[in-house]
Structures are given as structure tokens and as C-alpha cells.
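First comes the structure, then the notes that go with it.
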Amino acid sequence: MDIDSHYIRPVNHPHVHDPALRFCSSCGGPLAPQRIKEGEPERPVCTRCGHVVYLDPKVAVGTVITDDDDRIALVRRSIEPGYGKWVFPGGYVDRGEVPTVAAVREAREEASLDIRLDGLINIYAYAGAVPIVIVYEASVVGGTLDAADESLEAAWFAPEDVPWPDLAFRSTRDALRDHRRGLIHRDLI
Ligand SMILES: [Zn+2]
């Protein structure tokens, strides 16, 4: 799944000009950016019925999965954005799904690994970006690392071999860096 897929966009009124937001979902009228309240971003407003579209962030999860040799599981993306770049398994949380459950699901779908979550590393969010990314540390309890959904290949990396220049997203780099410096909240899962 594409964590960070709507990566950094121009700030101030991100997504107002998204082509998916041209028409009102209530009446089909054209939407236009409008500032409803001072100090808040412009929002798409229906020029016919006045319906206001409130754009929410998307919640994503990722897992830094280690094996008994402290190697880290990474997958190489077969889709844009970040085609050909490395990322840890992760993806979007479905509505109504608990983030920890989504993390375990994505590890199975993307890397063919069964995991146990060991703690929260951190939560990553960036100005102008849509996703808020929750990253856990995890251990392998079953399965064999294998490229699956949306991956060209999958591999274990020793800490000193992490391909830092070829990581897909800012959150990938930041979470791996935090993991390397030992950041983990074991009580937050
Ligand atoms: Zn309307």
C-alpha cells in the first residue's frame, strides 16, 4: 500500500484543486475553493448548494520488522509513487479498522510475514502531506519474507546495509532512523 502516496503538496490549501473534487457529492454542482473561516485553509464549496467539503488526513501504518539477527525487512515498490524504492511494509488503515490490526494485515499482504508488534516507534506527519503514518516495531513469528502485493522484491537488510538513498518516503527514512537510535514505546500498542 502506498504510505505517503499523496506526499508533500503545495501548502496553504492542499487538495482543493484535486481533480477528484470538482463536483458536489450532494447536487453535482461545481466546487470552488472558499475560505469559510479566518485562519483555516480554503475548502471546496459547492457553488450551487453551498455544501462544504471537509478534507481529512489519511491514517497509515508501517512496521519495522526485525528477525533474530536484527536484520530489517524491506520491500521494493512496484507502483508509483516511489517506484523501485525501498520501504518497510505498511499501508492505509481501513475505516473502522484498528491500526494495530492493519499493521499485522499489511505485513502479511506485502511481505508474507506473520508479525508480533513490540511497540510504537513514532507517528509521522508533515506539513502539506495527507497521510499520518503510525510506525510500529515488530518481530517475525511466522512466514517467509517474500514480495507480494505492490512489491518488486523483498529482502532482509543488516542495519549497516539499509539503502538510505533509495528509501521511498520521508517517513520511511525518519522511522528507520528513529528505530536505529532505539526509539520505542513498548507500552503503546
Ligand atoms: Zn451542491
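Before moving on, here are some points about what is shown:
- Checklist (1) in contact (Cβ under 8 Å) with a residue 24 or more places away in the chain; (2) surrounded by fewer than 21 Cβ atoms within 10 Å (Cβ to Cβ); (3) under 15 Å from the mean Cα position of the chain (by Cα) applied to Asp94, failing item: (1)
- The one condition in (1) more than 16 Å from the ligand (Cβ to nearest atom); (2) more than 17 Å from Val140 (Cβ to Cβ); (3) among the aliphatic types (A, V, I, L, M) that Val104 fails to fulfil: (2)
- Residues of the stretch 108-130 include at least one that is assigned to a strand (DSSP E or B), touching a Gly at 6+ places or on another chain (Cβ under 6 Å) and not charged (D, E, K, R).
- Test: Ala103 is over 15 Å from Leu188 (Cβ atoms) and either among the β-branched types (Val, Ile, Thr) or at pLDDT 95 or above (or both): no
- Neighbours by Cβ (under 8 Å, 6+ apart or cross-chain): first from the stretch 98-114, on the phi < 0 side of the Ramachandran plot and aliphatic (A, V, I, L, M); second surrounded by 17 or more Cβ atoms within 10 Å (Cβ to Cβ) and assigned to a helix (DSSP H, G or I): Leu113/Ala107
- Meets criteria (under 22 Å from Asp70 (Cα atoms), in contact with a strand residue (DSSP E or B) (Cβ under 8 Å, 6 or more places away or on another chain) and assigned to a loop (DSSP other than H, G, I, E, B)) for Asp146: yes
- Only one of Ser171, Ser151 that is surrounded by 16 or more Cβ atoms within 10 Å (Cβ to Cβ), among the small types (Gly, Ala, Ser) and at pLDDT 95 or above: Ser171
- Failed item, numbered, when Val140 is tested on (1) exposed (fewer than 14 other Cβ atoms within 10 Å of the Cβ); (2) in the same structural domain as Gly84 (by TED's automatic domain parsing); (3) of a type outside the set (Phe, Trp, Tyr); (4) in contact (Cβ under 8 Å) with a residue 40 or more places away in the chain: (1)
- Taken over the stretch 155-189, residues that are charged (D, E, K, R) and in a loop (DSSP other than H, G, I, E, B) amount to 3.
- Any strands (runs of 3 or more DSSP E) falling wholly within the stretch 32-81 and containing at least 2 residues that are touching a residue at least 40 places away in the same chain (Cβ under 8 Å) and surrounded by 12 or more Cβ atoms within 10 Å (Cβ to Cβ): 58-66, 72-77
The values are calculated or read from the model by the stated rules, or taken from the named source; none is laboratory data. Small disclaimer: the values here were computed from a predicted structure and weren't measured. Quick reminder, even Gly has a Cβ in these numbers, built from the backbone with ideal geometry, and neighbours come from all protein chains shown.
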